[in-house]
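Let me begin by presenting the structure, written as structure tokens, before commenting on it.
The values are calculated or read from the model by the stated rules, or taken from the named source; none is laboratory data. Small disclaimer: the values here were computed from a predicted structure and weren't measured. Please note: Cβ atoms are built from the backbone with ideal geometry, for glycine as well, and neighbour counts cover all protein chains shown. Heads up: the accessible areas ignore ligands, DNA and RNA and are worked out on the full protein's heavy atoms, side chains in. Shrake-Rupley method; radii C 1.70, N 1.55, O 1.52, S 1.80 Å.
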4 protein chains.
Amino acid sequence: MAHTQLFPVRFDDVDYARVVFFPKLFAYAHRVFEDFFQIELGESYATVLERRKIGFPSVHAEADFIAPLRFGDTCRAVLEVERVSKGSIACRYELLREAPRTLAATIRIVVATIDLDTFAPIAVPDDLRALFLRHIRADGE
Amino acid sequence: MAHTQLFPVRFDDVDYARVVFFPKLFAYAHRVFEDFFQIELGESYATVLERRKIGFPSVHAEADFIAPLRFGDTCRAVLEVERVSKGSIACRYELLREAPRTLAATIRIVVATIDLDTFAPIAVPDDLRALFLRHIRADGE
Amino acid sequence: MAHTQLFPVRFDDVDYARVVFFPKLFAYAHRVFEDFFQIELGESYATVLERRKIGFPSVHAEADFIAPLRFGDTCRAVLEVERVSKGSIACRYELLREAPRTLAATIRIVVATIDLDTFAPIAVPDDLRALFLRHIRADGE
Amino acid sequence: MAHTQLFPVRFDDVDYARVVFFPKLFAYAHRVFEDFFQIELGESYATVLERRKIGFPSVHAEADFIAPLRFGDTCRAVLEVERVSKGSIACRYELLREAPRTLAATIRIVVATIDLDTFAPIAVPDDLRALFLRHIRADGE
């Protein structure tokens, strides 16, 4: 079941070409990942990091940029989980311009789970594994 | 022939985990691309955009993050061109921690060439094609 | 009547000291100013800029930083208007940590009104003057 | 004796109005402060923070924005020290467009010195006091 968020493109998110600077689109995806915890788990991303000392560093990221997002656009972000392995989670994000509805970017980010104090790899905890599996992509990809 | 730049990791480039926030690594690569023009072409990126009305939107970006960069590190960025096609340029960046020399990330970014006023695709201009071909990756890919 | 917004401190809003990087606090204030239009005027900031070609460049900004904001904090931002003159608007922002409620920063920003195409000064339009005057600070300063 | 740095305005430093987003000008000033240590003290800002566990949180910042900086501009930043007190340092920055030479902004930032581990105030260490006093503003202001 896909997880969806909407947010505005900010005045300072755009660059000289007046479209969202592409690294910012990866930051959008990260923000969706952050808020996913609060919305779907009922525990904030900050709490997971601070209390449980789990970190989620990105080990791989890739994106295709199809159409620009501009200041004033509402961005619709759709997160689906592609895969949960022993020590990593792969998420796929679609970023769309809301009106008229247009696909702006597809982003894929793989995060590893680590001990935030030692940066050593840890297994994805069971409750988080269950959380992400609830949002696995329908067609299995 | 690879093109190399060195720059410091800034106080505000790191996130709560005290490593460079991964979207910022894409921004590092973009900055290397910007300065490449001034250093290797003798014409600033701004001049190419403003006077010649050429834009270089990213159409694809991907990265593997191997080791973190931290505040106080010097980042060594190595740009090599993978391919110049009719209307796009693919560049590969290695970001390394300078001391001890450690590979932090490999990034690949494909930019299209467009008319900055109309956003319509244009062919890579001959002088820019020649510029990028001078930095093509030795082994061809 | 004060205008209030709440938003989370983001993972990448903090710097190496793990507190919100102070220029980001000015960016927070700007974001509050942006959203003030949509919430209180019913017209987005982007619409005012794009359709009416009005710009609001900051001509003065000042802040006292009293306590840090940290990742995981909710920021409560309170906007009050200090003064609306012919061609400028002075706003005062209090940024508070929500729990426990603590004053983090007081910020004062003066924006001028300009024609966004020519950057020439213009008078504050009547509807915007009325909007801002509805949020004038009770004690007059 | 004033301390001067030059750096380019970046593609992504500008906002929708195509001028440098004003919070970024405070970030410029912070970067000048960072590099001041390496250039004038011969010890990097990171080293001072990490090895000596000294922090320099901003307690006050103010700025007048006189003219915009745009993508492609070279920014000339001039740092002068206004005052070094027991536990704080007040610096004044002029940010100028290099060509044609135009004053863009004057910024004043007061930092306190703290123990970076405890955030408790500490006295400005003698070597840093001497460093900053070498760059005190001529007219005493």
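Some values worked out for this structure:
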{"quantity": "Total residues in the range A:1-18, condition open to solvent by 20 Å² or more (accessible area, probe 1.4 Å), in contact with a Lys or Arg (Cβ under 7 Å, 6 or more places away or on another chain), within 19 Å of A:A99 (Cα to Cα) and not charged (D, E, K, R)", "calculated": "2"}
{"quantity": "Candidates C:R76, C:R31 - the one that is closer than 25 Å to A:F37 by Cα, basic (K, R) and assigned to a strand (DSSP E or B)", "calculated": "C:R76"}
{"quantity": "The range C:132-141, residues that are open to solvent by 40 Å² or more (accessible area, probe 1.4 Å) and among the hydrophobic types (A, V, I, L, M, F, W, C)", "calculated": "C:L133, C:I136, C:A138"}
{"quantity": "Qualifying residue in the range A:47-56 (condition: open to solvent by 20 Å² or more (accessible area, probe 1.4 Å), away from chain C (no Cβ under 14 Å) and not in a strand (DSSP E or B))", "calculated": "no"}
{"quantity": "Members of the range A:119-141 found to be β-branched (V, I, T) and not in a loop (DSSP other than H, G, I, E, B), listed by number", "calculated": "A:I136"}
{"quantity": "Qualifying positions in the range C:103-131 - open to solvent by less than 40 Å² (accessible area, probe 1.4 Å) and under 22 Å from C:K24 (Cα atoms)", "calculated": "C:A104, C:A105, C:T106, C:I107, C:I109, C:V110, C:V111, C:A112"}
{"quantity": "Only listed residue being of a type in the set (D, E, K, R) and either part of a helix (DSSP H, G or I) or open to solvent by 50 Å² or more (accessible area, probe 1.4 Å) (or both), chosen from B:R92, B:R70", "calculated": "B:R70"}
{"quantity": "Residues located in the range A:39-59, provided they are in contact with a helix residue (DSSP H, G or I) (Cβ under 7 Å, 6 or more places away or on another chain) and farther than 19 Å from C:R18 by Cβ", "calculated": "A:E40, A:L41, A:E43, A:S58"}
{"quantity": "Residue list for the range B:3-23, restricted to those being within 7 Å of another protein chain (Cβ to nearest Cβ), of a type outside the set (V, I, T) and not in a loop (DSSP other than H, G, I, E, B)", "calculated": "B:F22, B:P23"}
{"quantity": "Residue in the range B:98-121 that is at pLDDT 95 or above and of a type in the set (F, W, Y) present", "calculated": "no"}
{"quantity": "Subset of the range B:97-118 [closer than 19 Å to B:A61 by Cα and either of a type in the set (V, I, T) or in a loop (DSSP other than H, G, I, E, B) (or both)]", "calculated": "B:T106, B:I107, B:I109, B:V110, B:V111, B:T113, B:I114"}
{"quantity": "Qualifying residue in the range D:100-115 (condition: within 12 Å of another protein chain (Cβ to nearest Cβ), charged (D, E, K, R), closer than 30 Å to C:G55 by Cβ and in contact (Cβ under 8 Å) with a residue 40 or more places away in the chain)", "calculated": "yes"}
{"quantity": "Every pair of residues 6+ apart whose Cβ atoms lie under 7 Å, when the first sits in the range C:1-12 and is among the hydroxyl-bearing types (S, T, Y) while the second is open to solvent by 20 Å² or more (accessible area, probe 1.4 Å)", "calculated": "C:T4/C:R76; C:T4/C:V78"}
{"quantity": "Lone qualifier among D:E34, D:E62, D:E98 - being open to solvent by 20 Å² or more (accessible area, probe 1.4 Å), farther than 20 Å from C:D64 by Cα and acidic (D, E)", "calculated": "D:E98"}
{"quantity": "Test for D:E40: is it more than 7 Å from every other protein chain (Cβ to nearest Cβ), touching a residue at least 24 places away in the same chain (Cβ under 8 Å), of a type in the set (D, E) and open to solvent by less than 30 Å² (accessible area, probe 1.4 Å)", "calculated": "no"}
{"quantity": "Selection from the range C:75-89 of residues that are surrounded by 19 or more Cβ atoms within 10 Å (Cβ to Cβ) and basic (K, R)", "calculated": "C:R76"}
{"quantity": "Every residue from the range A:18-33 that is without any contact (Cβ under 8 Å) to a residue 24 or more places away in the chain and touching a strand residue (DSSP E or B) at 6+ places or on another chain (Cβ under 8 Å)", "calculated": "A:F21"}
{"quantity": "C:E82, sole failed condition from (1) within 12 Å of chain A (Cβ to nearest Cβ); (2) closer than 17 Å to C:V110 by Cα", "calculated": "(1)"}
